[in-house]
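FYI, it's all coordinate maths here, none of it is from the lab. Worth saying up front: this structure is predicted, and the values here are computed from it rather than measured. Please note: Cβ atoms are built from the backbone with ideal geometry, for glycine as well, and neighbour counts cover all protein chains shown.
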Amino acid sequence: AKAAGRDTHRFYAEAMNAEAVVHLSTRSGLRRALERNEFLVHYQPQVNLESGAVTGAEALIRWNHPERGMVPPGSFIPIAEDSGLIVPIGNWVLAEACRQAAQWRAAGLSLSVAVNLSALQLQRSDLVRTVTQALADSGLDPLLLELELTESMLIQNTDQVIDNLRRIKAMGVQVSIDDFGTGYSNLSYIGRLAVDKLKIDRSFIADLTSNHDSARITAAVIQMAHSLNLTAVAEGVEDAGTLEALRQLRCDVAQGYFLGRPGPAEAVERAARTAIPF
Ligand code: C2E
Ligand code: CA
Ligand code: CA
Ligand code: CA
């Protein structure tokens, strides 16, 4: 029994080692990826539900790995967060997205760009300086930049986080709560932190037309957003029926495969020029 226990122990140790090796290789891979410019940003159009116009896009990072091909963010963002590399990676996305939105503006298109922030970025004392720098380098109007945070990031609302948000808002940058409805149920932060938009989580939108609970929750979130003077955004719209239901509920903005998949900036630009009004 003792030997078997030792074997089991060794088995776990080896399995953990293998996992650590994969983890490490991705971590050093991430550092290399930054140096070798292997990251790129895809953009997903956001559509105004009253006019049908494309009003902006969400920036979503992609990793074009030399051997593994296109790696989705879900498989490297958590590692980037653990290792702290999310800070330089996130800053790179911010700078790149601002540059792109400024380029759209120069081409005559007034499109906002939404950038996902990580908890580590939000907690840093140099966040405001980083955002200011990205805006100055690109020449982008702060009103066209939007930062997406999640509810869980606002739970640990330290003085630093509150100060960062206050100063970012003062610059005119928009702030939205991502994946809304999946996090904490304490909503007091919404009024206190003066956010601009609520992005209703994809899980509610996915079965909006088939599940009464999802439909009621979505309707309630849209009403709450409006009574607080916030913009309601639906993400994960995959079909015409869902789009129509959201328009009936007076949701303001929508995003999803039905309206456009994440892709190169040129695709958003094309969609913005050719959007068919509802
Ligand atoms: P998210 O911020 O909730 O982004 C939306 C995700 O839903 C994206 O996945 C997008 O491609 C996907 N999506 C959009 N429309 C639909 C739809 O109609 N149906 C379905 N099933 N999915 C849809 P993606 O690009 O794989 O990104 C996953 C997550 O990775 C993001 O979730 C975000 O949390 C994170 N992420 C992406 N880029 C960045 C970044 O630059 N910084 C940070 N910190 N996180 C990022
Ligand atoms: Ca997001
Ligand atoms: Ca989301
Ligand atoms: Ca998310």
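Where a ≥ b ≥ c are the square roots of the eigenvalues of the C-alpha gyration tensor, would you call segment 25-143 rounded, which needs a/c under 1.5, or, failing that, prolate if a/b is larger than b/c, or oblate? Judged from the Cα gyration tensor, segment 25-143 comes out prolate (a/c at least 1.5, a/b above b/c). With a simple spin-label model that places each label point 7 Å from the Cα along the Cα-to-Cβ direction, the separation between L228 and R31 comes to 4.1 nm.
Overall, segment 69-190 carries a charge dipole of about 340 debye about its Cα centre when +1 sits on the Cβ of Lys and Arg and -1 on the Cβ of Asp and Glu, all other atoms neutral. Under the rule a/c < 1.5 gives rounded, and otherwise a/b versus b/c splits prolate from oblate, where does the chain land using the Cα gyration tensor? It comes out prolate by the Cα gyration axes.
Here the calculated FRET efficiency for A136 and H212, from their Cβ-Cβ distance with R0 = 51 Å, stands at 0.55, rounded to the nearest 0.05.
With 23 Å as the cut-off, how large is the P(r) tail for segment 113-195, expressed as percent of Cα-Cα pairs?
Details: 530 of 3403 pairs.
Of all Cα-Cα pairs in segment 113-195, 16 percent lie more than 23 Å apart.
Here the chain carries DSSP beta bridges of which approximately 40% are antiparallel, counting only pairs with both residues inside. Simple spin-label estimate for E244 and R166 gives 4.9 nm between the two label positions (7 Å along the Cα-to-Cβ direction from each Cα). Taking the fewest neighbouring Cβ atoms within 10 Å as the starting point, the ordered list for S110, S176, S188 is S188, S110, S176. Using R0 = 30 Å, the C-beta based FRET efficiency linking I155 and Y257 works out to 0.50. In order along segment 189-200, phi translates into HN-Hα couplings of 5, 4, x, 5, 9, 6, 7, 9, 9, 10, 9, 5 Hz, rounded to whole numbers, per the Karplus curve 6.51 cos²θ - 1.76 cosθ + 1.60 with θ = phi - 60° and x for Gly and Pro. Nearest 20 debye, what's the magnitude of the dipole of the chain about its Cα centre given +1 on Lys and Arg Cβ and -1 on Asp and Glu Cβ? Result for the chain is approximately 400 debye, rounded to the nearest 20. Mind telling me which of F204, F180, F258 comes out most flexible in a GNM of the chain, alpha-carbon contacts under 10 Å? Ranking F204, F180, F258 by mean-square fluctuation puts F258 first. Summarising the strand pairing of segment 170-274, around 0 percent of its internal DSSP beta bridges are antiparallel. For segment 242-274 versus segment 27-92, the inter-centroid distance based on Cα atoms is 20 Å. The residue list G29, G69, V237 was ranked by how far each Cα lies along the charge dipole of the chain toward its positive end, using unit charges on Cβ atoms, and G29 comes out on top.
Sorted from fewest to most neighbouring beta carbons within 10 Å, what does the list V87, V237, V54 look like?
V87, V54, V237
By the helix-only formula, in which each DSSP H run with n ≥ 4 contributes -39500 (n - 2.57) and the sum is divided by residues, the chain has a 222 nm mean residue ellipticity of -15500 deg cm²/dmol.
When the Cα positions of I177, T150, V87 are compared along the charge dipole of the chain, V87 comes out farthest toward the positive end, with charges on each C-beta of Lys, Arg, Asp and Glu.
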